[in-house]
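Worksheet for the structure shown next.
The values are calculated or read from the model by the stated rules, or taken from the named source; none is laboratory data. Here the structure is a predicted model, which is why all the values come from computation and not from measurement. Cβ atoms come from the backbone with ideal geometry, glycine included; neighbour counts cover every protein chain shown. Protein only, heavy atoms only, side chains kept; ligands, DNA and RNA dropped before computing areas. Shrake-Rupley method; radii C 1.70, N 1.55, O 1.52, S 1.80 Å.
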Amino acid sequence: MEVVPVPAFTDNYIWLVRDEVSGETAVVDPGDAAPALAEAERRGWRVTQVWNTHHHWDHSGGNLAMKKATGCTVSGPAAENIPGRDVALSEGSGLRIGDHAGRVIEIPGHTIGHIALVFDEDRLAFVGDTLFAMGCGRLFEGTPQQMRRSLQRLTELPDDVALYCGHEYTLANARFAAHAEPENRAIADRLAEVDALRAAGKITLPTSVAQERATNPFVRVSNWQEFARLRTEKDNFRS
């Protein structure tokens, strides 16, 4: 399985997921169809599926155009209004591209019906806007209790699982993490690494479960009350 980032809007990433054997390509969270279609065409890849993690327009706004252009099947969370959805996904649902099998876990918080797509054998997961590298999504619809549990579920995956999230927020998150845990050497080292990557115009994703356990303050809290305090602090943080 090959995963390719496609930048969109100001800081979004759309992910192209290709099965080399069958030649199938899935597009994860196409807020804008144009860059995803252009990259797939440039590579000669055949788009057969769209996978959505949640309903926000910058993740699903391109669904109908993708469907019109390619005839692809659209899969997304059952609990949300997903444009053009053919397949409703909920906890325990399966999805497949070629011989690669994935499963769905529900991770509410950012939105009520948010899901993650986990490919256990391939050691990767698409987590949308629930977990970011060194951070997490804002609580637009869910509660702190829900979001903390969702982050726990994601970081209970094996250490080497790669996590593909929806935005390039890592530098801002790293600066807040250094503020939240000033004595954490792993955070300081990662901030320097991320700063250098962004200065060179390079992507900082995917992250990994192990990295998030070590450097994400929202993952490292001990209870939901501490999470809620930290999330409010981050909402008002100016680096």
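The table for this structure:
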item	result
Options Arg213, Arg198, Arg220, Arg185: the member that is open to solvent by 50 Å² or more (accessible area, probe 1.4 Å), of a type in the set (Lys, Arg) and closer than 23 Å to Phe9 by Cα	Arg198
Residue match in segment 122-136 (condition: open to solvent by less than 10 Å² (accessible area, probe 1.4 Å), charged (D, E, K, R) and farther than 22 Å from His100 by Cβ)	yes
Leading residue by the ranking (nearest to the chain's Cα centre (by Cα)) among those in segment 208-224 that are within 15 Å of Glu193 (Cβ to Cβ) and part of a helix (DSSP H, G or I)	Glu212
Segment 2-35, residues that are open to solvent by less than 50 Å² (accessible area, probe 1.4 Å), assigned to a loop (DSSP other than H, G, I, E, B) and among the hydrophobic types (A, V, I, L, M, F, W, C)	none
Where Pro182 falls short, out of the listed (1) touching a Ser or Thr at 6+ places or on another chain (Cβ under 7 Å); (2) of a type outside the set (A, V, I, L, M); (3) farther than 29 Å from Glu2 by Cα	(1)
Asp58, sole failed condition from (1) more than 22 Å from Val4 (Cα to Cα); (2) of a type in the set (Asp, Glu); (3) buried (at least 17 other Cβ atoms within 10 Å of the Cβ)	(1)
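So that you can scan it fast, the table gives a plain yes or no per residue for (1) crowded, with 16+ Cβ neighbours inside 10 Å; (2) touching a residue at least 40 places away in the same chain (Cβ under 8 Å):
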position: Met147; (1), (2): yes, yes
position: Tyr169; (1), (2): yes, yes
position: His179; (1), (2): no, yes
position: Leu191; (1), (2): yes, no
position: Glu233; (1), (2): no, yes
